[in-house]
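**Student:** This is the structure I want to talk about, given as structure tokens.
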Amino acid sequence: MASSSTIFGASPSQLCFAKNCVVSRSLANPTRTNSLKKVSHPRIRCQATSVPADDRVPDMEKRQLMNLLLLGAISLPTAIMVVPYAAFFVPPGSGGAGGGTIAKDALGNDVLANVWVKNHGPGDRTLTQGLKGDPTYLVIEKDRTLAPYGINAVCTHLGCVVPWNAAENKFICPCHGSQYNNQGTVVRGPAPLSLALVHVDVDDGKVLFVPWVETDFRTGEAPWWA
């Protein structure tokens, strides 16, 4: 026991007196070694798992199906929004022959020329729906034929619809008193211009309005509305 006490009390340099003597770090610093041994660290184990390629990447048919479903989900709402918006810019009743518009009566029905003439007497001026939806008068001549022109009922002053006054044989605007003769020529202000004209044709028995771009036969001047 005495020799053992002497050994542990000696320094490392004193112990190395023999050729084969080896100084251990645990002997040189036993306290530190013991403290290191007492510290424990958690061990984290990582295990790699392999996933078959067929489970990670869908085959081409599945991709195409998903793309078609996505395209359909996007296209349908888009079409629902775009179609009414585009239709807003198309004049109502457009698509008639020669780029004209089929006249519509008060109920929205196509105006049939022979029926209209039969039900309206000479000198009659009755409103229909014309180009771009504007109210337009069809004129019946004294010989009970349909006049080759229609008269736009929108007042050239502030845009009121001008009614036909059969007793006065004039169009008289109720808003500010403007007056037009039986052909729509302005005869009293404050309206500055005559009522616009449209051509009236008959196509397949239906009355057709066509834009008037020629000289205004009432004034001999170029049409202000064209």
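The values are calculated or read from the model by the stated rules, or taken from the named source; none is laboratory data. Here the structure is a predicted model, which means the values were calculated and not measured. Note that each Cβ is placed from the backbone with ideal geometry, even for glycine, and that neighbours are counted across all protein chains shown. Ligands, DNA and RNA are excluded from the accessible area calculation, which covers all protein heavy atoms including side chains. Shrake-Rupley method; radii C 1.70, N 1.55, O 1.52, S 1.80 Å.
**Student:** Give me the one-decimal nm value for the distance between modelled label points at Thr215 and Lys118, 7 Å along each residue's Cα-to-Cβ direction.
**Tutor:** Label at Thr215, label at Lys118, 4.0 nm between them.
**Student:** With a 1.4 Å probe and all protein chains kept in place, how do Leu68, Leu131 rank by accessible area, largest first?
**Tutor:** In descending accessible area the options line up as Leu68, Leu131.
**Student:** Any chance you could get the radius of gyration and Dmax over the Cα atoms of the stretch 128-195, in Å?
**Tutor:** Both quantities, over Cα of the stretch 128-195: 11.6, 34 Å.
**Student:** At a Förster distance of 45 Å, what's the computed FRET efficiency of Thr78 paired with Leu158, Cβ-Cβ distance as r, to 0.05? It would help to have the intermediate numbers written out before the result.
**Tutor:** Values: r = 40 Å, r/R0 = 0.88.
My answer for the efficiency is 0.70.
**Student:** With each pseudo-label sitting 7 Å past Cα toward Cβ, what's the Arg188-Glu141 distance in nm, one decimal?
**Tutor:** 3.0 nm
**Student:** Rank by packing, highest mean first: peptides 72-80, 194-202, with packing defined as the count of other Cβ atoms within 10 Å averaged across residues. Can you show the working numbers first?
**Tutor:** On the way: 72-80: 9.2, 194-202: 21.1.
Per-residue mean Cβ counts within 10 Å order the peptides as 194-202, 72-80.
**Student:** Accessible area of Glu221, 1.4 Å probe, to the nearest 10 Å²?
**Tutor:** About 120 Å², rounded to the nearest 10.
**Student:** Let me ask something additional. How high is the FRET efficiency between Asp204 and Ala226 when r is their beta carbon distance and R₀ equals 25 Å, given to the nearest 0.05? Intermediate values should be presented prior to the final figure.
**Tutor:** Working: r = 26 Å, r/R0 = 1.06.
That gives a FRET efficiency of 0.40.
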